[in-house]
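Here's the structure we're looking at; comments come further down.
The values are calculated or read from the model by the stated rules, or taken from the named source; none is laboratory data. Note that the structure is a prediction, hence the values are computed from the model and not measured. A quick note on method: Cβ atoms are made from the backbone with ideal geometry, for glycine too, and the neighbour counts reach across all protein chains shown.
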């Protein structure tokens with residue numbers, strides 16, 4: 001059974017690296033990519049071109065995004081009775097304490113800093129796969 | 001900013017677990033995985049809340065960096081402990097991992113509704129249990145950025 005992941009990321013370079021790292025880690029993953037916060041919510045609510053979008057098993061969310069900021073996307077996910085069940089992992093270049101605390105306050109499931117080094121980034125994606133997609137029990141539905 | 005496990009400072013983990021056998025196995029598995037962990041144990045939900053609120057004998061308890069919470073506990077159930085943690089402005093930023101023998105869908109959904117950070121099922125096999133504790137250490141204590149204060 002495929003695993004549906006929604007990646008919310010505006011940097012084309014980071015999108016490509018994440019795709020490649022997941023492809024190496026787990027061939028069952030279907031990675032859906034949206035480039036801003038407004039499109040992320042449209043995907044999650046099956047609106048417009050996303051009418052047939054699957055419900056993601058896991059969301060990877062950048063904080064600094066065009067149109068609607070990742071903090072606001074997170075707040076909307078975690079105040080929605082159905083969407084709040086989807087584990088939402090913050091994946092960002094920021095390692096500011098204010099961003100970390102704010103994300104946990106908004107009930108991010110966890111907070112990861114993107115490493116600059118390519119091999120460290122690949123190792124991080126592999127550990128997301130190992131932990132969240134093989135060890136953790138995810139809810140089947142919302 | 002706390003760089004967990006890399007600067008030599010101890011990581012405080014609160015394990016809320018009533019089974020002495022599981023407590024011992026968890027202690028041993030963490031000892032092998034990461035020497036810098038201080039594992040604190042509360043054996044029921046009331047004691048867990050006393051530890052987190054620094055009441056009674058827990059007046060000098062540290063703030064945990066991570067909570068491992070069983071669901072089925074004496075006196076106060078793990079679901080209620082989780083609800084208290086995630087409704088408290090100071091405590092809600094502490095990542096709380098459900099670690100339980102239950103793999104009932106209703107428990108999984110309820111835990112995510114109450115904003116558990118993740119849900120793990122305890123394997124019955126000893127080597128699988130040790131491997132799970134190792135992966136908790138690898139992911140939550142080495143990869144993650146935890147909030148320093150709530």
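Per-structure values
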{"item": "Only one of B:91, B:141 that is more than 10 Å from chain A (Cβ to nearest Cβ), surrounded by 15 or more Cβ atoms within 10 Å (Cβ to Cβ) and more than 20 Å from residue A:136 (Cβ to Cβ)", "result": "B:91"}
{"item": "The listed residue being within 18 Å of residue B:117 (Cβ to Cβ) and either exposed (fewer than 14 other Cβ atoms within 10 Å of the Cβ) or more than 12 Å from the chain's Cα centre (by Cα) (or both), out of B:75, B:79", "result": "B:79"}
{"item": "Check on residue B:125, at pLDDT below 95 and more than 9 Å from every other protein chain (Cβ to nearest Cβ)", "result": "yes"}
{"item": "Any helices (runs of 4 or more DSSP H) falling wholly within the range A:5-91 and containing at least 3 residues that are in contact with a helix residue (DSSP H, G or I) (Cβ under 9 Å, 6 or more places away or on another chain) and modelled with pLDDT of 95 or more", "result": "A:37-44, A:70-78"}
{"item": "Selection status of residue A:112, free of Cβ contacts under 8 Å to residues at least 24 places away in the same chain, under 21 Å from residue A:124 (Cβ atoms) and outside any loop (DSSP other than H, G, I, E, B)", "result": "yes"}
{"item": "The one condition in (1) under 23 Å from residue B:133 (Cβ atoms); (2) more than 15 Å from the chain's Cα centre (by Cα) that residue B:56 fails to fulfil", "result": "(1)"}
